[in-house]
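Here the structure is laid out as structure tokens; the discussion comes afterwards.
Any read-out appearing in this document is the output of simple, stated calculations on the displayed coordinates, not a laboratory observation. What you see is a predicted model, and the numbers here were worked out from it, not measured in a lab. We place every Cβ from the backbone using ideal geometry, glycine too, and count neighbours over all the protein chains shown.
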Amino acid sequence: MNTFLSIVLGAASIAISACSPQQKPASTDEQALSVENTDAVLSETDSPRVLTIAVCGDIMMGTTYPTVQLPANGGADIFSDVTPVLSAADVACGNLEGAMADGGNSTKRGGANSYSFRMPTSFAPLLTSAGFDFLSMANNHANDFGAQGIASTERCLREQNIGFAGIKGHQEYAIKEINGVRYGFCAFGHNQYTLRTQDIATVQRIVKTLADSCDIVIVSFHGGAEGARYKHLPRGKETFLGEDRGDLRAFARVCIDAGADLVYGHGPHVTRAVDIYKGRFIAYSLGNFCTPYGMSLGGVNAYAPVIEVKIDERGNFLEGKIHSFVQQRGVGPRKDESNAPAREIKMLTEADVPDAALKIGDDGSIELK
């Protein structure tokens, strides 16, 4: 996870604040306005390889708005339990739920649903040390501090060599070469300032572009109604707070039909079912992951799984493991020996996707039936 080439598409944002100087080791990362199609790195004569991808949900490491609520020790311990899983994977992905900036004004004004999240830029290296390679910005908190907040967040992630995508008019995708494998990443949300799950033509175009130039394509999405009442995956379009939150079953299949190899979701703040489609793995919601402040952490809202997915070099699902973590306020995700998150995902999958070609064990193991 230390050597890779990143090529990203979109307009470069103007950074408005400097982030911590700590970075991953120097590489040949660069940004470009376009990317040429290339032959796949893997050839038919190569020995079979097993690739490991770790995915998780929402990350908001602490906030300085409207009051300061930050974990102790500069946040150095919040990922301590999950780092071994994330760092051991070939690729680790999540969702950055909020702006990473040291100032600015909130774009939200009053009301019960006007939460704004602003993480200090000094926390950016925590994401690198945890092992993240890609983070979605296509969510309903990326714009909490407007264009300046988005620019600052992108600057922080760029300086940490972490891929990002999802804001309309910015980067549509990221490409990284890791250990000789070319990975393509993209992200979609339900807000007007994001690349949207509902814009099927754009979704297909971006995913197909990545499929034409990458070995493995990973899609992130933020969608669905929020809260424990909505942990079951519905059929058809979801509406919440008057917003169209997408038809997520259909969206995931559109992505895989266009060339995606893994699709993972977040947004409901609780876990949802998993599925397999055309041999490709889908996680419909991974819930809150590292949100020690500002979000409800009672009951199932505290479940913070990491799903480790093993695929072959063509993207076919081989096996997986749900690593169970539960959040503690002010602390972050901690290992759960009872495997409650894994058992929850098992129950939801059996209830909502009864024909899924997956067998989930109480220990979190995932196998093909």
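Okay, here's what the table says:
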| quantity | calculated |
| --- | --- |
| GNM result for the chain, Cα springs below 10 Å: residue of Asn179, Asn191, Asn95 fluctuating most strongly | Asn179 |
| Computed over the range 6-368: relative contact order in percent, which uses C-alpha pairs under 8 Å that are six or more apart | 18 |
| Centre separation in Å (Cα based) which lies between the range 308-344 and the range 247-266 | 20 |
| Ratio of Rg to Rh over the chain (Cα coordinates, Kirkwood Rh, two decimals) | 0.93 |
| Relative packing of peptides 135-146, 340-351, 62-73 - highest average C-beta neighbours within 10 Å first | 135-146, 340-351, 62-73 |
| Residue order, fewest to most beta carbons within 10 Å, for Leu262, Leu318, Leu241 | Leu241, Leu318, Leu262 |
| Cα shape, the range 164-284, gyration tensor, a/c 1.5 rule | prolate |
| Cα-based shape type of the range 265-369, given that a ≥ b ≥ c are square roots of the gyration tensor eigenvalues and the cut on a/c is 1.5 | prolate |
| Segment Lys369-Asp244, extension gain: residue separation times 0.36 nm, minus the distance between their alpha carbons | 41.6 nm |
